[in-house]
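Report on the following structure.
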């Protein structure tokens, strides 16, 4: 694949997908499975943090600058030579489950697999994110023929499929669909979809609005983890996920792991990073209900007797505010700070299980409503911008001193 010409701006969805990953040293490619690849970066046999960091940082730079494989290979060769990893070496399985194995990171085939699997997944994730943003104007996805000289028969059977962006088929069949897969998709308008579906077969391509029946899904058991997965025919085990969708839906799982080991002072900073992740913008568009950690407040937890200081909001609530009140996802990025430093007042509607939060950021006043659920979790129900006059009037009705200066 040719390198991207100088001056080309790589979409932030592509760089954000890859750079948002955390390191996951692994002895086997089976140690990191399915959707976990959406937030964990791994290279089989790279069990040392320094080695894995070298791979991740160099690939991230290649994605940011549009470098191709040959340029990246020169850079990773210099890095691995410096670390003593250029050439054959024995690697021990940290779990002790398997005997020591020989690894040679200088082999071109291995390096191509590492490079292209990561680069193509990042590009696919970025393409899916853009498809979500533009699906009103371009509501359909067309599966294109692979550029591979030796295509898989199952992948050829998908060529010409035209389905809505949110069709379940794309949850499992968004390319790449296996090791070395070069299939692609293209987003198209309703008019083009209707035109193609009405055509006779062109150059052997039959356009259709339903996927072919290639048989039932195949049961795959991960021999390292024991996890059982159903994989559609024609897709390599471990590749049966949509990288962009997986990144959006597993973003919270990754965040929860970080919050579990974070100090109280670090929690708000971690949440700030979450709300600036481009893939969080997809949460309001996901079909399933997604709870998004919006902030951390031990004061609220103590006051309302909550089980956890984490305050969450649903993607549906975010979408509703964006639609009805013309708010942007960037407005919700203030939530961690609002919740952390808010003036806490009784719920203005008299709900004893709720509180009203007020926060002044710059010259803007924010008001949010938080309540504790029946099972003991803090939920944010609404977020508004208010004028200073409105907020002052509410404080006067509460009989409370004005806390925001002159």
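Within the range 129-145, find all residues whose amide N lies under 19 Å from a label point positioned 7 Å from the Cα of residue 186 along Cα-to-beta-carbon.
The answer is 129-132, 134-145.
Over the chain, with a Gaussian network built from C-alpha contacts below 10 Å, which listed residue (360, 102, 327) shows the highest mean-square fluctuation?
Judging by the Gaussian network model, the answer is 102.
Taking only Cα atoms, what is the 0 to 90° angle, nearest 10, from helix 108-133's long axis to the longest principal axis of the chain?
For 108-133 against the chain, the angle is about 40 degrees.
Could you work out how far apart the two model spin labels at residue 221 and residue 50 are, taking each label as a point 7 Å from the Cα in the direction of the beta carbon, and quote it in nm?
So the two model labels end up 4.0 nm from each other.
May I ask you to derive the relative contact order of the chain, considering only C-alpha pairs under 8 Å and at least 6 residues apart, and to give it as an integer percent? Let's see the in-between values first.
Working: 642 pairs, mean separation 47.7, N = 406.
Value for the chain: 12 percent.
What distance in nm lies between label points placed 7 Å from Cα along the C-beta direction at residue 402 and residue 330?
For residue 402 paired with residue 330, the spin-label model returns 3.0 nm.
Between 271, 245, 156, find the one with the highest GNM mean-square fluctuation for the chain; connect C-alpha pairs within less than 10 Å.
Its mean-square fluctuation being the largest, the pick is 156.
Most fluctuating residue of 11, 237, 94 in a GNM of the chain with Cα springs under 10 Å: which is it?
94
Largest first and to the nearest Å, give the Cα extent of the range 296-345 along each principal axis.
That gives 33, 19, 17 Å along the principal axes, largest extent first.
Which FRET efficiency value, to the nearest 0.05, is calculated for residue 83 and residue 345 with the Förster distance at 45 angstrom and r the Cβ-Cβ distance?
Values: r = 56 Å, r/R0 = 1.25.
Efficiency, rounded to the nearest 0.05: 0.20.
What nm distance separates the two modelled labels at residue 270 and residue 386, each placed 7 Å from Cα along Cα→Cβ?
Inter-label distance under the simple model: 3.1 nm.
Between the range 39-78 and the range 327-406, what is the C-alpha centre distance in whole Å?
One Cα centre to the other: 45 Å.
Shape of the range 1-130 from its Cα gyration tensor (a ≥ b ≥ c, root eigenvalues): rounded if a/c is under 1.5, otherwise prolate when a/b > b/c, or oblate? Don't skip to the end; give the middle numbers.
Numbers: a/c = 2.36, a/b = 1.43, b/c = 1.65.
In terms of gyration-tensor shape, oblate.
Could you list 71, 297, 210 in order of exposure, starting from the residue whose Cβ has the fewest other Cβ atoms within 10 Å? Working shown, then result.
Values: 71 13, 297 27, 210 10.
Neighbour counts put them in this order, fewest first: 210, 71, 297.
Rounded, prolate or oblate: which fits the range 262-398, taking a ≥ b ≥ c as square roots of the Cα gyration tensor eigenvalues, rounded meaning a/c under 1.5, else prolate when a/b beats b/c?
Working: a/c = 1.42, a/b = 1.17, b/c = 1.22.
Cα axes put the range 262-398 in the rounded bin.
What ratio of Cα Rg to 2.2 N^0.38 Å holds for the range 134-214?
In units of the 2.2 N^0.38 Å rule of thumb, it is 1.05.
So, R0 is 30 Å and r is the distance between the beta-carbons of residue 130 and residue 374; what FRET efficiency does that work out to, to 0.05?
Details: r = 39 Å, r/R0 = 1.31.
The formula returns an efficiency of 0.15 here.
Could you put 143, 207 in order, starting from the residue whose Cβ has the fewest other Cβ atoms within 10 Å?
207, 143
Any read-out appearing in this document is the output of simple, stated calculations on the displayed coordinates, not a laboratory observation. These figures come from a predicted structure and were not determined experimentally. Using ideal geometry, Cβ is built from the backbone for each residue, glycine included, and neighbour counts are taken over all protein chains shown.
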